Amino acid sequence: MNVILAAVIPVVIIGLICAVVLVTASKLMAVKEDERLPKVRECLPGANCGACGFAGCDGYAKALVENETTPTNLCVPGADAVSHQLSDILGKEFEDVVEQVAVVHCSGDCENTEDNVDYYGIETCSAAKLLFGGKGKCVFGCVGFGDCKNVCPNDAIVIKNGIAQVCRADCVGCGLCVKTCPNKLISLVPDTKNYAVLCSNKDKGAVTRKVCKKGCIGCRKCEKVCPAQAIKVIDNVAVIDYEKCTNCGACVENCTTQGIGIIK
Amino acid sequence: MIKLIIILLSAVFINNYILSRFLGICPFLGVSKKLDSATGMSLAVIFVMMIATAVTWPIQMFLLNPNNLGYLQTIVFILVIAALVQLVEIVLKRYVPALHKSLGVYLPLITTNCAILGVTILNIDEGYTFAESMVNSLGSGLGFMLAMIMFSGVRSKLEGADIPKSFKGLPITLVAASITSLSFMGFGGVIENMFA
């Protein structure tokens, strides 16, 4: 009996001391956490996509609570519903979320352009891009191994006919694909707009024409017809300024090569 | 002084905790994917090994041994180390938030790790003095860091390699780990003869 007690008592005493020290320490040195933080965190979708510009949902929640000036409308996947909840919790005025959709600025599918080489390497866009700038004739175009498809949290991207296509209904506008594409072909466009330049080839018109049937040749016709002056040809490729674009569609009707198209 | 240097060097190279003693394999395989998390984990391990030794050595010498309670060593050490790391985490969170941010996530992971317990128990078994124990803990932690950083390099190479499907993931990692530990066998006998 004595032997057991001699073993149990020291351990219990040491355990008690540790417990007391820990309890006092956690009471004395507690770091106050804002009570709104868990609530705010709960509202956010938890996709950790980074579209808000912070490191994941936790980062955004922290910024919202700690900094009064952080806007509540940065969560693109959560859209208006989340913005409403956030504004309620933080007592701020509701701000509308500008929903965005990813657009692949390339129409070089199997019909419009062709492969330059037979590629037998690792089947990712970033690996293929390292060798001669990709397997296709157009070094600016979509490589088609679907790096974007693999990062998409919503399965909104499909590889169809050799190029990536974004399904507008499924896209939540998180922008992960934008960061992933080695050719920087994907950009986020306001969901209200209907037209986009579907080419990123920065070569001169004649060169572009040789590698792809639907490439933008930089003819500046769209620049001239656009009633809102929203289009500028920069580096031989048209760029639409969506702040000015009025969705009139004049550019698509007048485009000589179908380089500007409707966002599907 | 020379004895301390020998203890330090042999803890880093010959008796490397991961690659020779095979303790602490869990964090070795779990956190070695990226260099920065491997470094963070290793720093936390060095830190915890040192403070754990600083606390458990006196407990063994002044509490357990005089009372003939040596057989309670394992349970008392686990208890004390776990409580201690929790305490350190609370203190760090309050007073050194920057350090807590970089080490914080790893501290709870290693509270009950076998490498930590192994260091403290082996210090007693080897009959080290307090200073020797501390040096041995430092060396063990540094050895852990060396193995982690080396292996995170190996793993980043593995990531880009074209590995047969059946070897992908953990199998090839274990194969790589065993080859890395084989390379450390080459250190056997080097340190003792260095000062002979």
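Data table
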quantity: Meets criteria (of a type in the set (F, W, Y) and farther than 23 Å from B:V80 by Cα) for B:F144; calculated: no
quantity: Wholly within the stretch B:54-169, helices (runs of 4 or more DSSP H) carrying at least 2 residues that are of a type outside the set (A, V, I, L, M) and farther than 30 Å from A:V8 by Cβ; calculated: B:73-95, B:97-103, B:130-160
quantity: Matching residues, the stretch B:163-173, being surrounded by fewer than 13 Cβ atoms within 10 Å (Cβ to Cβ) and touching a residue at least 40 places away in the same chain (Cβ under 8 Å); calculated: B:L170
quantity: Residue list for the stretch B:82-106, filter: more than 10 Å from chain A (Cβ to nearest Cβ) and in contact with an Asp or Glu (Cβ under 8 Å, 6 or more places away or on another chain); calculated: B:G104
quantity: Residue tally, condition under 14 Å from the mean Cα position of the chain (by Cα) and over 30 Å from B:Q86 (Cα atoms), over the stretch A:30-78; calculated: 11
quantity: Among residues of the stretch A:179-204, those that are touching a Ser or Thr at 6+ places or on another chain (Cβ under 9 Å) and either among the acidic types (D, E) or within 12 Å of A:C49 (Cα to Cα) (or both), counted; calculated: 0
quantity: Selection within the stretch A:11-33 - facing chain B (nearest Cβ under 7 Å) and either of a type in the set (K, R) or not in a helix (DSSP H, G or I) (or both); calculated: A:M29, A:V31
quantity: Set A:L16, A:L28, A:L5: member being loosely packed, with under 11 Cβ neighbours inside 10 Å and modelled with pLDDT of 90 or more; calculated: A:L16
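The values are calculated or read from the model by the stated rules, or taken from the named source; none is laboratory data. Every value quoted in this text rests on a predicted model; they were computed, and no experiment measured them. No Cβ is skipped: glycine too gets one built from the backbone with ideal geometry, and neighbour counts run over all protein chains shown.
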